[in-house]
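Take a look at the structure set out below.
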Amino acid sequence: MSERRVLVIDDEAGLRHTLLLILRDEGYTVAVAEDGEAGLRLALAETPDLVLCDVRMPRLGGLEFLERYQEAGGTALVVMMSAYGTLDAAVEAMRRGAYDYISKPFNADEVILTLRKAEEREQLRREVARLRREVGEVQGFEGVVGESGAMREVMDLAARVAPFPSTVLLTGESGSGKEAVARAVHRASPRNGRAFVAVNCGAIPENLLESELFGHERGAFTGADRAREGLFEEADGGTLFLDEIGELSLPLQVKLLRVLQERTIRRVGGTGERAVDVRVLAATARDLVDEVREGRFREDLFYRINVVQIHVPPLRTRPEDVPPLAEHFLRRHPFQVPDDDGDLSVKRRLPALEKSLIVRALERSRGNRTKAADLLDLSVRALSYKIQDYGLD
């Protein structure tokens, strides 16, 4: 404890002095700064272990400090402080990477407890990193591969939200890995021993989706010769992943909202309510804020599912994740590459693998570059460049 260094950033001189005395009495080495600009210089120069930072300050506010500190490679755990604390501000600070959030006025015990929890979390993070180096994968997150800062943020937020029953909205382009993150959240949650049920809301015809989600009673419609439970009942006690939730029709949005509010479902053709205990994780490639603005998505449902949002960035914005992804898929799905000389370097072998995949996609699509690009999850332009580079014209 005596070696732990804390930086306090606050524009109130009295509060800085009070925290200085409290923290020194607990054995911390303490530095103070009167605003975000001075705090940023100190944080980067003195590399503290923990930072206590006010949200509202002149020159540079706390959230801006947090963003610039992380961009500069700062690694200390940051705890935000504010007299204007709201749940929205807390979620925003944590979404941007803060460890925790405390509201003013606070007492000495609250500050010390928060910092001790932060230290325990940092020790745990280091232990997890050590284990990850040893076994190559983190339990629960083995399906999410990425070494970039962006993916570390995704996995960190997913790990923090996993133990709680909060609804999570995963956003990002198609193919970015939203379902893999959702499965990881389920595996790292207390529900990991129960079912994880996934449904693509855009892949099922609207007239069948209600029955698929909520089930139906015998005789509810033509062909319903027996009662059938829906996905909510199938996921009871576990997790239901609603992929492409932005594709839901407005009438189904109303029914989904009622289920999320009441925690009960009514089968199609039924009259009774059935209680369900389901954690909902939702995903969309659409901008739901725009969808709400255009009247295609209910605002009340949006706020119900958007308790915590995790954005999964596309692979093209994190090229450093390509080698570990290639190694991951090669390990799980061995693929024989031309001229196998025993060289296991991903960087050297990746071009050969890429070329062979392009050849297979062109063969499968009978030379149709648009279809081949779709199979390869590439744009047609990118595929054309690669065909030229590999001499496949």
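Go through the range 220-234 residue by residue and turn each phi into a ³J(HN,Hα) via Karplus (6.51, -1.76, 1.60, θ = phi - 60°); whole Hz please, and just put x for glycine and proline.
Listing the rounded values in order: 5, 7, 4, x, 7, 7, 8, 5, 9, 6, x, 5, 5, 5, 4 Hz.
Using only alpha carbon pairs under 8 Å that are at least six residues apart, calculate the relative contact order of the chain and give it in whole percent.
Working: 598 pairs, mean separation 46.9, N = 393.
After rounding, I find 12 percent.
Looking at the square roots a ≥ b ≥ c of the eigenvalues of the Cα gyration tensor of the chain, which shape do they give, rounded for a/c under 1.5, prolate if a/b is larger than b/c, or oblate? Show your work: numbers first, answer last.
On the way: a/c = 2.18, a/b = 1.27, b/c = 1.71.
Oblate, since a/c reaches 1.5 and b/c is not below a/b.
For the chain, what is the calculated [θ] at 222 nm in deg cm²/dmol (nearest 500), taking -39500 (n - 2.57) for each run of four or more DSSP H residues and dividing by its residue count?
Numbers: 16 runs with 181 residues, N = 393.
Helices in the chain give a 222 nm mean residue ellipticity of -14000 deg cm²/dmol.
What is the distance in Å between the Cα centroid of the range 253-312 and that of the range 143-205?
So the separation of the two Cα centres works out to 17 Å.
Give the peptides 167-177, 190-200 in descending order of average Cβ contacts within 10 Å, highest first.
Working: 167-177: 19.3, 190-200: 16.3.
Output ranking for 167-177, 190-200: 167-177, 190-200.
Mean separation of Cα pairs under 8 Å and 6+ residues apart, divided by the residue count of the range 1-100: what relative contact order is that in percent? Don't skip to the end; give the middle numbers.
On the way: 176 pairs, mean separation 25.7, N = 100.
Relative contact order here is 26 percent.
Could you tell me the relative contact order of the range 206-259? Use alpha-carbon pairs under 8 Å, at least six residues apart, and round to a whole percent.
Numbers: 39 pairs, mean separation 14.9, N = 54.
That works out to 28 percent.
What is the sum of charges around Glu233, taking Lys and Arg as +1, Asp and Glu as -1, for the other residues whose C-beta is under 10 Å from the C-beta of Glu233? Can you show the working numbers first?
On the way: positive: Arg228, Arg267, Arg274; negative: Glu229, Glu234, Asp236.
That works out to 0.
Could you give the size of the charge dipole of the chain about its Cα centre, using +1 on the Cβ of each K and R and -1 on the Cβ of each D and E, expressed in debye and rounded to the nearest 20? Can you show the working numbers first?
On the way: 56 positive and 66 negative charges, 180 e Å.
Roughly 860 debye, rounded to the nearest 20.
I want the local charge near Ser365. Using Cβ-Cβ distances under 11 Å, sum +1 for each Lys or Arg and -1 for each Asp or Glu among the other residues.
On the way: positive: Arg360, Arg364, Arg366, Arg369, Lys371; negative: Glu363, Asp374.
Here the count lands on +3.
Can you tell me the Rg and Dmax of the range 1-106, counting just the alpha carbons, in angstroms?
Rg, Dmax (Cα atoms, Å): 12.5, 35.
Excluding Ala224 itself, calculate the net charge of residues whose Cβ lies under 14 Å from the Cβ of Ala224, where each Lys or Arg counts +1 and each Asp or Glu counts -1. Don't skip to the answer; put the middle values down first.
Numbers: positive: Arg218, Arg226, Arg228, Arg267; negative: Glu210, Glu212, Glu217, Asp225, Glu229.
So the environment of Ala224 carries a net charge of -1.
What do you reckon, how do Phe232, Phe221 stack up by accessible area (1.4 Å probe), largest on top? All intermediate terms of the calculation are to be shown ahead of the outcome.
Working: Phe232 5, Phe221 85 Å².
Sorted descending by solvent-accessible area, the residues read Phe221, Phe232.
Just to confirm, what accessible area per residue do you get for the chain at 1.4 Å probe, in whole Å²? Working shown, then result.
Details: 21300 Å² over 393 residues.
With the other protein chains kept in place, the chain gives 54 Å² per residue.
Work out, in µm²/s and without decimals, the Stokes-Einstein translational diffusion coefficient of the range 6-61 at 25 °C, 0.890 mPa s, Rh from Kirkwood over C-alpha pairs. Don't skip to the end; give the middle numbers.
Numbers: Rh = 11.1 Å.
My calculation gives 222 µm²/s for D.
Counting only protein heavy atoms, what percent of the accessible surface of the chain is carbon or sulfur at a 1.4 Å probe?
On the way: 10430 of 21300 Å².
Taking all protein chains in place, the chain shows 49 percent carbon and sulfur surface.
What are the extents of the Cα atoms of the range 162-295 along their three principal axes, listed from largest to smallest and rounded to whole Å?
Rounded to whole Å, the extents work out to 40, 38, 25 Å.
Give the lysines reachable from Lys178 as a straight Cα distance under 23 Å; neighbours fewer than 8 places away on the same chain don't count.
none
The values are calculated or read from the model by the stated rules, or taken from the named source; none is laboratory data. Keep in mind that this is a model prediction, so the values were computed, not measured. All Cβ positions, glycine included, derive from the backbone under ideal geometry; neighbour counts span all protein chains shown. The area values use the complete protein model at the heavy-atom level, side chains included, leaving out ligands, DNA and RNA. Shrake-Rupley method; radii C 1.70, N 1.55, O 1.52, S 1.80 Å.
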